[in-house]
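Structure, as structure tokens:
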Amino acid sequence: SIEDTKTELGKLLTMSIYNNTSAVVSREDNVVKVIGGNATDRAVMNYVAVKTDAANVTRVRSILFNSKNKFSASQIIGDYNMTLIKGAPEIVLSKCKYYYDENGQAQPFSGFDKLNAKIDEMAGRAIRVLAFATCKEEIEGENLPGGEWTLVGVIGIRDDVRPDAIPAITQVQSAGVQVVMITGDRKETAVAISKEAGLIKDDSDIILTSDELAKLSDDEVKEKLKDIRVIARALPSDKSRLVRIAQSLDLVVGMTGDGVNDSPALKAADVGFAMGSGTEVAKEASEVIIMDDNFSSIDKAILYGRTIYNSIRKFIMFQLTINLAAVLVSLVCPILGIMEPLTITQILWINLVMDTLAALAFGGEPALKRYMLEKPKRRDEGIISPYMWSSIIVGMVFTFVLGMFFLLSGGAHSSIGGGFVENIFRSTENLVDGKNPYLFTGFFAFFIFVYVFYAFNVRTEKINLFENITANKGFLYIIALIAVVQVGMVYFGGVILRSFGLSINEWFFVIGLAVLVIPIDLIRKAIWKGVAAK
């Protein structure tokens, strides 16, 4: 408690914190606020932030904390002339010959074992420990000062695992992502936190310190990599090494970090996640900045990344099916003597439906939790999956077959003669470019509406085509817009669009023929599901 800082020893601790951290205390309108520094600096500064009777000293030299040295130091002059040291207990305690008693007097220090046992007990409860000491030697360069040190005390910091981080870690793991904690904390602390967070679950999980990792060759790390869960007392170089080794196994790697020294690993990773409270250097080296410093944001990033990827795949399925069907019709019809089944202007409208409007329709697909159950995509995996090819080929072939039936049975080829379709569409002596305007108007409408219905097939791999349909209202609006505009073109397109209106019976036939793409695709999905289950 703050009462502990009112003794002479407490004043020494307060001075050590005030003058050997990167955080500062801001007092505005009687509101005390700690700003700057890293999370550890802010935590220890908050412990003494309300104190106003700090010692009158001036900082003349400093060594900033970094994850390699695991200490910081400040040389001060004034009421006290000494060097203040703060760092990992195993570094600080080994150099302490004395300790300060309650009255601020130096006494011989012999309680190493007892203090270390207490630190180990704290570490087992996921409490990180910092040790504070002083010495009379001045700072030279970036090295620890020599001489005999006097222990001021140790402080425990509890980093509670955020409640939403635990389910987020489970969710990410279920997505096939291996989560590894790479921390500067001591091994016992890291193990306690990782167990609480659900990272360590059984005896096969591997926990290493930086020193233990350094003793392993790259080949040995590759063998153990899939089971590594924690790297304790880690150095920035450990992050870069793990990124390099994982990428050599053709794995896609994401790395988090907040410090300047993390930037090489963030830059080398396939996806760098910088903390919003981190340095600008780390942010510049990253692809994603996590503004709330929360692991659950990574969970959301993966979910929405997969959602966007799946939406792109849906768009590709839709686009390729239309493209291939249009190309096939345009190639085969002239061979059969049917010239211009679709005019250039009609094809331009089809391209608008296929590109711009379809992209907008599928771009608003909702983020579904089941995407997190999908296996991660391999680095060399093609964007068009076998499932997509089945949809594209079936949709393209079926549309082509229906189109040929429409044209040939409708008498589009005069030498072949008509059939069932010819009896549905009106005949006329007023031909347009030698063609029955109503038949080709119907074919244009059919070609658009078959893909209006096909869009419902594409947007979900489920049998229920209306699954989560209301979560993407933009899809419904755009599909409705395409249908309304197409009807308008049929009646008002005239010579420009070679469209001259359809009767009710003709519309029934066009829509009825086009909607057949839905049951055909449902059969394909059922067959695919049965084959995939074997």
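The values are calculated or read from the model by the stated rules, or taken from the named source; none is laboratory data. Model, not experiment: these values are computed from the prediction. In this analysis, Cβ positions are derived from the backbone assuming ideal geometry, glycine residues included, and neighbour counts consider all displayed protein chains. The accessibility values were calculated without ligands, DNA or RNA, using every heavy atom of the protein model including side chains. Shrake-Rupley method; radii C 1.70, N 1.55, O 1.52, S 1.80 Å.
Looking only at residues that are more than 40 Å from the chain's Cα centre (by Cα), closer than 17 Å to Ser74 by Cα and hydrophobic (A, V, I, L, M, F, W, C) in segment 111-151, which one is surrounded by the fewest Cβ atoms within 10 Å (Cβ to Cβ)?
Restricting to residues being more than 40 Å from the chain's Cα centre (by Cα), closer than 17 Å to Ser74 by Cα and hydrophobic (A, V, I, L, M, F, W, C), the top hit is Ile139.
Conditions first: (1) surrounded by 15 or more Cβ atoms within 10 Å (Cβ to Cβ); (2) more than 25 Å from Lys369 (Cβ to Cβ). Leu331 passes all but one, so which condition is the exception?
(1)
Consider Val154 against the criteria (1) without any contact (Cβ under 8 Å) to a residue 40 or more places away in the chain; (2) open to solvent by 40 Å² or more (accessible area, probe 1.4 Å); (3) closer than 24 Å to Asn38 by Cβ: it satisfies all of them except one. Which criterion is unmet?
(1)
Considering segment 169-194 alone, what residues qualify as being out of contact with any helix residue (DSSP H, G or I) (no Cβ under 8 Å at 6 or more places or on another chain), outside any loop (DSSP other than H, G, I, E, B) and surrounded by fewer than 18 Cβ atoms within 10 Å (Cβ to Cβ)?
Residues satisfying the conditions are Thr170, Gln173.
Looking at segment 382-411 only, could you name the residues that are assigned to a helix (DSSP H, G or I) and under 23 Å from Ser311 (Cβ atoms)?
The answer is Pro386, Tyr387, Met388, Trp389, Ser390, Ser391, Ile392, Ile393, Val394, Gly395, Met396, Thr399.
Of these, Leu407, Leu373, which one is surrounded by 14 or more Cβ atoms within 10 Å (Cβ to Cβ), in contact with a helix residue (DSSP H, G or I) (Cβ under 9 Å, 6 or more places away or on another chain) and either closer than 24 Å to Glu467 by Cα or modelled with pLDDT under 90 (or both)?
Leu407
State whether one or more residues within segment 35-45 are more than 23 Å from Ala232 (Cβ to Cβ) and either hydrophobic (A, V, I, L, M, F, W, C) or more than 35 Å from the chain's Cα centre (by Cα) (or both).
Within segment 35-45, one or more residues are more than 23 Å from Ala232 (Cβ to Cβ) and either hydrophobic (A, V, I, L, M, F, W, C) or more than 35 Å from the chain's Cα centre (by Cα) (or both).
Search segment 510-534 for residues that are among the β-branched types (Val, Ile, Thr) and pair each with any residue that is not in a helix (DSSP H, G or I) when their beta-carbon atoms are under 8 Å apart and the residues are at least 6 apart or on different chains.
These pairs meet every condition: Val510/Leu502; Ile518/Leu465.
Taking helices (runs of 4 or more DSSP H) that do not extend beyond segment 419-510, which have at least 2 residues that are of a type outside the set (Gly, Ala, Ser), at pLDDT 90 or above and closer than 19 Å to Ser311 by Cβ?
Because the criterion is at least 2 residues that are of a type outside the set (Gly, Ala, Ser), at pLDDT 90 or above and closer than 19 Å to Ser311 by Cβ, the helices (runs of 4 or more DSSP H) in segment 419-510 that meet it are 437-458, 473-492.
Go through segment 6-110 and tell me which strands (runs of 3 or more DSSP E), entirely inside it, have 1 or more residues that are closer than 17 Å to Glu137 by Cα and open to solvent by less than 80 Å² (accessible area, probe 1.4 Å).
The qualifying strands (runs of 3 or more DSSP E) are 57-63, 71-78, 82-87, 96-100, 106-108.
Which residue, of Ile298, Ile312, is more than 30 Å from Leu408 (Cα to Cα) and touching a strand residue (DSSP E or B) at 6+ places or on another chain (Cβ under 9 Å)?
None of the other options fit; the residue is Ile298.
Going by the conditions given, is Gly176 under 20 Å from Ile298 (Cβ atoms), touching a Pro at 6+ places or on another chain (Cβ under 6 Å) and not charged (D, E, K, R)?
Considered against the rule, which asks whether it is under 20 Å from Ile298 (Cβ atoms), touching a Pro at 6+ places or on another chain (Cβ under 6 Å) and not charged (D, E, K, R), Gly176 comes out as yes.
Write out, first by first residue and then by second, each pair whose Cβ atoms fall under 9 Å of each other, whose residues are 6+ apart or on separate chains, and whose first residue, in segment 71-87, is without any contact (Cβ under 8 Å) to a residue 40 or more places away in the chain and closer than 18 Å to Leu9 by Cα while the second is open to solvent by less than 10 Å² (accessible area, probe 1.4 Å) and aliphatic (A, V, I, L, M).
Asp79/Met15
Just one of the numbered conditions (1) in contact (Cβ under 8 Å) with a residue 60 or more places away in the chain; (2) farther than 28 Å from Pro108 by Cα; (3) open to solvent by less than 40 Å² (accessible area, probe 1.4 Å) is not true of Val161; which one?
The single condition Val161 does not satisfy is (1).
Taking segment 196-212 as the search range and keeping residues that are assigned to a loop (DSSP other than H, G, I, E, B) and not hydrophobic (A, V, I, L, M, F, W, C), which one is most open to solvent (accessible area, probe 1.4 Å)?
The extreme case among them is Asp203.
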